[in-house]
Amino acid sequence: MSCCVYATLVYCGNFRKIKLFLYAHSKMRPKGLTQAEIEKFANFDWDDSADEENEEEEDRNMEEIIEETLKNLDNRAENVEVGLIDQFIRSENDGDLNENENVVQEVMEKIDLKSLKWRSAEIMESETTWKSELCSNEVKTPIEYFSTFFTDELWQKICEETNLYAIQTKGIELKCTVPEMKRFVGILLYLAVVKIPTYRMAWAANFKLAAVENALPRNRFEKIKQFFHLNDNSKQPQRGTPEYDKLYKVRPLLDAIKKEFNEISQEEFQSIDEQMIAYKGQHNLKQYLPMKPHKWGFKMFTRAGVSGIIYDFTLYIGEGTCKTYGLGISSDIVLFLSSNLPVNQNFKLFFDNWFSSISLMIALKEKGILAVGTIRSNRLKNCALISEKDLQKRGRGSSDFKYEATHNLIACRPSKFNTT
């Protein structure tokens, strides 16, 4: 690392002296003053200059020397140019954006719960009529519905990546075609319904499944299974880089299906919750949720309608599961999954107490999305609702309401009774 000396001259008229300050600075251009100039100023004996009559003239000459020296510094670009500073700042900002690509510019305000004023007042009526409409689509066959999500482009992508992986690993030409890939996936779906101890039994002489055997020979099925791929491994970003994606190998499939889900006509009433994709193999993203029907598997957050149709989803991968809105992971997931809903259409969104927060309710309301959800007591501070014990004394069907006028929020606690 080169080190240079940057000289600053300060003229003191009262003492007719020049103080020389030397600053060591790394990564700068060659020094503004030459070694001879520095020695000239440092070794000059100011006390020998006893010509009092020409004191003012010497002062003027010294000012001219300083001005000329500083001008030379500027002309020779010995100081750090403003353009270089701007370029450095831009490069630093670009680096920050790459490292935080999941941080969106739209940051929601986190509400101070103590600032809310809950009152036992009458509820202010607001407009809740749904302003959108559900497009009535014709009823399609199962294969037509499946083809809506698995488009021709997606099939072609799967074939290309599978053939490429065969060349990269074994140096062979698999020459897998789209019809073959469709049959391969069809066999996987068929064997997921018709369960047998091992998939090879589907081609066994004493126990064969005609639908499977007629679709694809066993050796061809195993070859495609061996090299089945969805993305190019050679282009996968390294772990620790800003571009690293834990779901890189399945990202094209997820993005393609997610895109088609978002284009489905939306229902008025929707909910956001988690569900499990059953899986008991070895994987660092595998989760265990004891309260779910499938306790082991991949956790996925979904937004679905009352019909059961999924409109959006995201797989849980820890940090980076969704874009950050500044409200915490649970509320951020709701905002992320509802980001494709048309705004100001009064869609009704439901979720449980893991997602709910006052800041989330307000953020959704500002987008014209009406939300209902259970909420934990520690997220509803400063709201003096009647205790559950006192509500039970009032009898079955009792409830207590509090109203927040600033944001038009309602907090309700219903009574709980055992029906047994």
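Listed values, structure above:
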quantity	calculated
Normalised per residue, the volume of the convex hull around the Cα set of region 263-356 (Å³)	115 Å³
Karplus 3J(HN,Hα) series, Hz, for region 209-219 with 6.51 cos²θ - 1.76 cosθ + 1.60 (x for Gly, Pro)	9, 4, 4, 7, 4, 6, 7, 7, x, 4, 5
Theoretical gain in end-to-end length, residue 372 to residue 168 [0.36 nm per residue, Cα-Cα removed]	68.3 nm
Region 359-420 and region 329-344: distance between their alpha carbon centers, rounded to Å	22 Å
Chymotrypsin sites (Phe, Trp or Tyr not before Pro) lying in DSSP loop within region 124-233, provided at most 13 other Cβ fall within 10 Å	207
Relative exposure of 372, 334, 212, judged by other C-beta atoms within 10 Å (fewest first)	372, 212, 334
Label-to-label distance, nm, for residues given as residue 160 and residue 250 (7 Å Cα→Cβ offset)	2.2 nm
Neighbourhood charge, 13 Å Cβ-Cβ cut-off, centred on residue 163 and excluding it, Lys, Arg +1 and Asp, Glu -1	-1
Cross-link table 157/299; 292/402; 170/246; 208/299; 114/295; 225/299, entries beyond 28 Å C-alpha to C-alpha	292/402; 208/299; 114/295
Ranked list, fewest to most other Cβ atoms within 10 Å of each Cβ, for 374, 324	374, 324
Extension gain, residue 412 back to residue 234 (0.36 nm per residue minus Cα-Cα distance, nm)	58.6 nm
Global form of region 197-267, assessed from the alpha-carbon gyration tensor, a/c cut-off 1.5	oblate
Near-label residues of region 166-190 by backbone N, under 14 Å of a point 7 Å along Cα→Cβ of residue 225	184-190
Cut-off 12 Å between beta-carbons: net charge of the residues surrounding residue 297, Lys and Arg +1, Asp and Glu -1	+4
Selection of GluC sites (Glu not before Pro), region 154-212, meeting DSSP coil and at most 13 other Cβ within 10 Å	173
Total formal charge among the other residues, if their Cβ is under 15 angstrom from that of residue 206, Lys/Arg +1 and Asp/Glu -1	+2
291, 181 arranged by Cβ crowding within 10 Å, fewest neighbours leading	291, 181
Trypsin sites (Lys or Arg not before Pro) lying in DSSP loop within region 215-286, provided at most 11 other Cβ fall within 10 Å	239, 280
Equivalent ellipsoid dimensions for region 291-415 as semi-axes, Å, which come from the Cα gyration tensor, largest first	28, 19, 15
Calculated FRET efficiency for the pair residue 113/residue 399, C-beta based, R₀ 30 Å, to 0.05	0.85
Potential lengthening between residue 243 and residue 353 on full extension [0.36 nm per residue; Cα-Cα distance subtracted]	36.3 nm
Shape call, region 142-234: gyration tensor on alpha carbons, a/c limit 1.5	oblate
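Laboratory data are not the source of any read-out in this text; all were calculated from the coordinates shown. These numbers were taken from a predicted model, which means no experiment stands behind them. Counting neighbours? That spans all protein chains shown, and the Cβs are built from the backbone with ideal geometry, glycine included.
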